[in-house]
DNA sequence: AATCTGCGGGCTGGATCCAATAACACGGCG
DNA sequence: CGCCGTGTTATTGGATCCAGCCCGCAGATT
């Protein structure tokens with residue numbers, strides 16, 4: 001059985017249903033910061049904006065709710081989920097834990113093609129950083145990490161990690177503007193890839209843990225500062 | 001606080017929206033094995049059975065899909081998700097990893113009331129075991145584990161772990177009939193609680209890991225055996 | 001005889017319509 | 001003058017209706 005073949009490069013005919021497309025779009029807009037935490041999403045308004053009925057919007061809401069990006073109350077509608085610093089802390093600890101496991105299992109399985117693909121993403125990531133293209137940086141950042149984890153062949157874990165990353169990503173994006181930790185993060189990305197090329201599991205995992213912890217600490221303190229002035 | 005309400009079609013305290021109630025009911029039916037893996041769920045049939053329109057059913061499907069219990073294809077409907085042995089393996093490794101962390105953080109926070117509550121659940125669990133009430137045992141088993149993790153105050157992690165447990169629970173239930181590992185599991189539950197009472201983190205975590213690994217190995221080999229004859 | 005093709009039934013996806021509820025504002029009363 | 005009750009309105013939840021897609025079946029063609 002060729003169980004490991006994740007269909008990464010198949011075209012996968014855009015058999016995407018409208019609710020899914022809507023969910024993607026709305027998720028991106030939430031990550032962009034266009035919809036801020038606490039802001040309420042009105043079905044009718046979005047339906048009109050996307051020129052469809054309210055029903056696909058409702059189904060998209062269900063997906064976003066399952067992803068933890070919005071919270072809905074009966075007869076009260078949907079609001080963008082807030083994220084207390086405490087919760088961010090927990091999510092980053094989850095990332096450290098789960099992504100370490102993924103990387104550890106991935107490195108022995110990495111082919112040269114895998115590494116080249118990661119390299120390619122990293123190049124784009126660096127470019128986005130230089131151009132200060134925040135949104136592009138955000139999605140490429142996750143794309144780079146993801147590309148390192150895919151060879152682990154752990155789809156369930158990867159899906160969970162992806163959910164966690166999406167939940168925190170919008171705050172990361174906000175922070176990109178004001179923080180210098182990203183300068184370091186850039187270099188760490190490059191170093192991380194080199195460790196992977198060298199198949200140095202120990203060093204790679206250690207660096208990854210520190211990489212995520214730094215980002216988490218930076219984000220948490222930022223959130224705490226924000227919550228004080230609010 | 002017994003969550004056994006079985007959707008009494010009238011207005012039974014509906015702080016819970018209809019789609020959620022439906023999702024609960026359908027989830028339970030899937031876990032019970034009433035709907036088997038591969039079986040397709042028809043919106044119209046379920047709508048008629050629950051005496052409502054298809055729309056709440058559709059929204060319930062979204063929730064179940066997000067939980068990984070069903071998979072849906074556009075214009076082709078929903079089928080109950082299967083679980084290859086490989087996937088079960090991964091999910092159990094996730095359990096070992098995440099539940100260890102939870103228990104480790106929970107034990108120092110446990111109050112006497114927490115421990116008594118767990119004791120209470122354990123009593124019911126033992127009773128269900130003696131009476132061979134599979135479904136009740138299944139939900140109480142998770143309830144017991146959950147009660148041990150709640151004091152960790154990690155809602156995100158707990159939610160993820162709950163999802164993982166729900167995904168594997170139906171196979172565990174099927175297996176309860178044919179396996180003897182549950183005899184051991186029963187004793188381990190009791191021992192686990194005692195370690196918690198003694199605040200012996202080391203021993204408790206070690207036992208928990210073995211407890212989950214045993215269950216996982218047993219389930220995986222059972223799934224592999226099943227896949228061969230199929 | 002086997003395969004391809006056109007057609008129809010059944011089901012899902014999306015739109016529209018109606019009911020129910022919660023926020024809000026106005027006016028009455030203490 | 002302020003608080004509470006009621007009516008109004010905006011928005012969500014649920015039902016019904018219509019269109020489009022899958023799949024199976026039957027018939028024709030090679």
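Along the Cα-to-C-beta direction of residue B:112, a point sits 7 Å from the Cα; which residues of the stretch B:196-223 have their amide N less than 16 Å from that point? Of the residues in the stretch B:196-223, B:197-199 have backbone N under 16 Å from the label point off residue B:112. Angle of helix A:155-176 to the longest C-alpha principal axis of chain A, folded into 0 to 90 degrees and rounded to 10: 70°. The residue B:225 and residue A:159 beta-carbon pair, evaluated with R₀ = 22 Å, returns a calculated FRET efficiency of approximately 0.20. Global dimensions of the stretch B:85-229 from alpha-carbon coordinates: Rg and Dmax equal 14.6, 49 Å. At an R0 of 41 angstrom, the distance between the Cβ atoms of residue B:183 and residue A:73 translates into a FRET efficiency of 0.35.
Between copies, residue A:202 shows label-point distances of 2.5 nm, shortest first, with the point placed 7 angstrom from Cα along Cα to C-beta.
Placing a label point 7 Å from Cα along the Cα-to-Cβ axis, residue B:17 is separated from the same position in the other copies by 1.6 nm, shortest listed first.
Ranked for footprinting exposure by Cβ neighbours inside 10 Å, fewest first, A:196, A:52 give A:52, A:196. Peptide A:56-68 has a mean shielding of 3, counted as Cβ atoms of other protein chains within 10 Å of each residue's Cβ. Here the label points at residue A:40 and residue B:34, each 7 Å from Cα along the C-beta direction, are separated by 3.7 nm in the simple model.
Between copies, the label points at residue B:39 (set 7 angstrom from Cα along Cα-to-Cβ) are spaced 4.5 nm, reported in nanometres from shortest to longest.
For chain B, the longest principal axis of the C-alpha atoms and the axis of helix B:54-66 are separated by about 40°.
For chain A, the relative contact order works out to 23 percent when only alpha carbon pairs closer than 8 Å and six or more residues apart are counted. Tell me the angle of helix A:181-197 to the major Cα principal axis of chain A, expressed in degrees between 0 and 90 and rounded to the nearest ten. Helix A:181-197 sits roughly 50 degrees off the main axis of chain A.
Rounded, prolate or oblate for the stretch A:18-80? Axes are the square roots of the Cα gyration tensor eigenvalues, ordered a ≥ b ≥ c, and the cut-off for rounded is a/c under 1.5.
The shape class here is rounded.
Taken together, the values in this text are just the output of simple stated rules run on the coordinates, not laboratory data. It should be emphasised that the depicted structure is a prediction, and the values quoted were computed from it without experimental measurement. Ideal geometry is used to build each Cβ from the backbone, glycine not excepted, and the neighbour counts take in all protein chains shown.
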